[in-house]
Amino acid sequence: MNLTVHVKPGSRKGPLVVADQGVENSLTVFLQQRAVEGAANDALVALLATHFGVAKRDVVVVRGHTSRIKRVRVDRS
């Protein structure tokens, strides 16, 4: 499954995953971690793995490693 994820690092709401209204395969993710040295990306992978009930190795950031809008692939085998 491919997802478009809008990441909000350094949020007080986090960790939280919210489905975007009216947009298929799109999520907004609030993270407490700041976007420093990949901490937010690591937290994003861990949170999405927990959310979808898969291992962390099954969640891959495909595009947007340094952007707040990311393309993520989740393998649900």
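Structural remarks
- Note on region 35-51: residues that are under 12 Å from the mean Cα position of the chain (by Cα) and among the charged types (D, E, K, R) total 1.
- Residues that are in a strand (DSSP E or B) and over 11 Å from residue 41 (Cα atoms) within region 62-76 comprise 62, 63, 69, 71, 73, 74, listed in sequence order.
- Of all residues in region 6-45, those being assigned to a strand (DSSP E or B) and free of Cβ contacts under 8 Å to residues at least 60 places away in the same chain number 9.
- Residue in region 25-34 that is under 11 Å from the mean Cα position of the chain (by Cα) and of a type in the set (D, E, K, R) present: no
- Filter result for residue 54 (at pLDDT 95 or above, outside any helix (DSSP H, G or I), surrounded by 12 or more Cβ atoms within 10 Å (Cβ to Cβ) and within 11 Å of the chain's Cα centre (by Cα)): no
The values are calculated or read from the model by the stated rules, or taken from the named source; none is laboratory data. Keep in mind that this is a model prediction, so the values were computed, not measured. Here the Cβ is made from the backbone with ideal geometry for all residues, glycine too, and neighbour counts use every protein chain on show.
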